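For reference, the structure is listed below as structure tokens.
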Amino acid sequence: MRMPIYQKLTFYALLVVSAFLVFAPAIIALSMSFMSNQEIMMGNWLPSSLTLDNYVHVLENSRLLHFFINSLIVSLVIMLGQLTLSSLSAYAFVFINFKGRDLLFFIFIATMMVPFEASIIPNFQTIRDLGWMNTYSGLTIPFFAMAFGTFLLRQSFKQIPKELKEASEIAGIGDWKFFLTVVLPMAKSSIVTLGVYGFLTSWNMYLWPLLATTDDTTRTVQIGLRQLQSQEQLNDWGMIMAGAIIVVLPTLILLFLGQKKLQQGLAEGALK
Amino acid sequence: MSHIEMENLKKTYDHQQNVLDGINLEISEGEFFVLVGPSGSGKSTLLRMIAGLEEISGGLLKMNGNVVNHLRPKERNLSMVFQNYALYPHLTVEQNILFGLHARKVSKSEQKKRLMETAEMMGLGDLLKRKPKQLSGGQRQRVALARAVVSQAPICLMDEPLSNLDAKLRAHMRMEIKRLQQQLGLTLVYVTHDQVEAMTMGDRIMVLHDGEIQQVGDPITLYNEPANLFVASFIGSPKINLTRAKVQDNQLYITDELKIPLRDTFLPKKELIVGIRAEHIQHATDETATHELEVITVEHLGNETSITFSVGNDYWTAKWIGQWQLKAGDKVKVSLTEEYLSFFDPVTEELIQPARVHAKEDEVVAI
């Protein structure tokens, strides 16, 4: 696209300003994480000298690392659980013919209209009665079934020509092998997208881990971050910001990696 | 020996309309059998029923004498080539060809051997490491064929395998498929809507229309003695010329002015439909001419010329060898004689009598 230079300049200036506005909190947090408390109190924007004290402090004096690992486990388990269940149900909705398939799918999709907050109380009672408080099962299993994931993967599986399934049937390849060797590789980009989405959502979860845990054993990092604030009379902002930066890191890394894979997947295109 | 046998085979969707109605058919071993018909005639459905991809609503399907109605596709021991080739885009050519063999528990060394043989036979040796999207249409087609060949299944089903290729390549692949079928002695069931493919490739052809068999026979019989008007107009290019005519006093009145004397033909009906193939409207000299027709259009094909005449309310097309310099409006002398005419019943559309002479004597070659 060709545009006059003044238009380009305004365009980019606007983009830079809005990007700065969007990123400002993150940038301020990053800058504060390198400052001493004194400096923060003085209201400086940039640290006069870079200090890693806050990072050392947060890792030594809190259980952040422990929560971090908990979060990693919980998010990974939820992600894998969601991918497994969503892809299997999507496969059934696309490749297996059974009576009432479309109706069932409709009901499946309808559950997306029930807000998470509405199901949180029954879910809480269920895991409490199962004795799953403070366990990884209690934190992860309620999130395995995901109508959105089934919907997304169903759309993606539908792009796979029916003839591929029929050719496999004739060659004597069963549903399992077809699912593993044809469907999954061909829907790779959607699966990666869903995986990234699932991981990030579970990583940023706050309400459920707060309810499902009563002690620190399985608590996740978002709660841990909140705990940093209330532990002391005077908030140690430098340390809190250092903690926040550590928590954000996996999200950023995953987004960068996922983005690359995603573009690759999109560029691949279908073959007629 | 009959390899595939159908007894009163039926297909209905939702217990309503019959898509296929009472198909009785035997296909013998090593035969190239073509199912041809316009779209919606049920030919693909029939093929998919043989493959086991489509449920059979009624009747029996037998292979080697055993009923296979309820066998799953893989238990029927056949291979299939699809219109869009159904290649796995994420696998290489080699993996695509060998994909089914793992499932059939063929040993690694045997797989290797078959792969090499097939790749050589199909001219795919240099392409084994490529992905399908890096291949041209013709190469993809060959990979799809190789996948059928490598399975060594005695029955091969093909569903319009050439319709995605351009005309030149199609003619070439027609020959290759035919050669392959003969070389391997395959029983091949081939679905197409293209009557040229049917005529050039098939040992026997079945013409389907609206789920019913119109005629089964070898290509020349279908051409010379079409069982009804549908077969007559479906087989042959250009289309057979058909016109309503009346019989009176041993004269066949095609229009009031255009009449053909009937000397040896006895016709039970007063009104009928007359058919004449394009090559049977012959150019004539002054002595041999029987009629004079007005030219409407002329198409030059290089080695032959296709000329459309006005006959009453219809247009007749003639095909003459050579290049004819004619203009629209010219009057041309032709010879139209009874032995070249086919007669059909105007009500039932069935054949009453086929043309007695099918080609000029010097064109008939018998070996």
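The values are calculated or read from the model by the stated rules, or taken from the named source; none is laboratory data. Bear in mind that the values here come from a model prediction, so they are computed numbers and not experimental data. Note that each Cβ is placed from the backbone with ideal geometry, even for glycine, and that neighbours are counted across all protein chains shown. Note: accessible area is taken over every heavy atom of the protein model, side chains too, but ligands, DNA and RNA are not part of it. Shrake-Rupley method; radii C 1.70, N 1.55, O 1.52, S 1.80 Å.
I'd like the carbon and sulfur percentage of the solvent accessible area for chain A, probe radius 1.4 Å, heavy atoms only, ligands and nucleic acids excluded.
The value for chain A is 69 percent carbon and sulfur by accessible area.
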Need one value: the accessible area of A:K165 in square angstrom, 1.4 angstrom probe, rounded to the nearest 10. 20
Work out, in µm²/s and without decimals, the Stokes-Einstein translational diffusion coefficient of the range B:238-359 at 25 °C, 0.890 mPa s, Rh from Kirkwood over C-alpha pairs. 165
Looking only at other chains, what is the average number of their beta-carbon atoms within 10 angstrom of each beta-carbon in B:86-93? 6
Degrees, to the nearest 10: B:108-122 long Cα axis against longest axis of chain B: 30
Pairs of alpha-carbon atoms within less than 8 angstrom and 6+ residues apart define the contacts here; what relative contact order does chain B have, in percent? 15
Provide the convex hull volume over Cα atoms per residue for chain B, in Å³. 181
Could you list the chymotrypsin sites (Phe, Trp or Tyr not before Pro) in the range A:21-86 that lie in coil according to DSSP, counting only those with at most 12 other Cβ atoms within 10 Å of their Cβ? A:W45
From the Cα centre of the range B:66-95 to that of the range A:47-91, the distance in Å is 46
Between B:S109 and B:E349, how high is the FRET efficiency from 1/(1 + (r/R0)^6) when r is the Cβ-Cβ distance and R₀ = 56 Å? Nearest 0.05. 0.40
In peptide B:76-83, how many Cβ atoms from other protein chains are near each Cβ within 10 Å, on average? 3
Does anyone have the angle between helix B:167-184 and the longest principal axis of chain B? Alpha-carbon axes, 0 to 90°, nearest 10? 60
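How big is D, in µm² s⁻¹, for the protein assembly as shown by Stokes-Einstein at 20 °C and 1.002 mPa s if Rh is the Kirkwood radius over C-alpha pairs?
68
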Among B:L98, B:A278, B:I155, the residue whose Cα sits farthest towards the positive end of the charge dipole of the protein assembly as shown (+1 at Cβ of Lys and Arg, -1 at Cβ of Asp and Glu, taken about the Cα centre) is B:L98
Among B:M121, B:Q111, B:L208, which residue has its Cα furthest toward the positive end of the charge dipole of the range B:4-227, with +1 on Lys/Arg Cβ and -1 on Asp/Glu Cβ? B:Q111
With charges set only on the Cβ (+1 for Lys and Arg, -1 for Asp and Glu), what does the dipole of the protein assembly as shown come to about its Cα centre, in debye to the nearest 20? 2220
C-alpha center-to-center spacing [the range B:191-210, the range B:122-177] in angstrom: 20
Per-residue mean of other chain beta-carbon atoms within 10 angstrom of the beta-carbon, peptide A:157-168? 5
Nearest 10, in degrees from 0 to 90: the angle of helix B:93-103 to the longest Cα principal axis of chain B is 70
Order of B:242-253, B:132-143, B:155-166 by packing, highest average Cβ count within 10 Å first? B:155-166, B:132-143, B:242-253
At what distance in angstrom do the alpha carbon centres of the range A:149-225 and the range B:31-59 lie from each other? 38
If Lys and Arg each add +1 and Asp and Glu each add -1, what is the summed charge of the other residues whose beta carbon sits under 13 Å from the beta carbon of A:P47? -2
Based on the Kirkwood radius over alpha-carbon pairs, what value in µm²/s does the Stokes-Einstein equation return for the translational diffusion coefficient of the range A:64-271 at 4 °C and 1.567 mPa s? 68
At a probe radius of 1.4 Å, what is the per-residue accessible area of A:T150, in Å² to the nearest 10? 0
Rolling a 1.4 angstrom probe over the protein heavy atoms, how many square angstrom per residue are accessible across chain B? 48
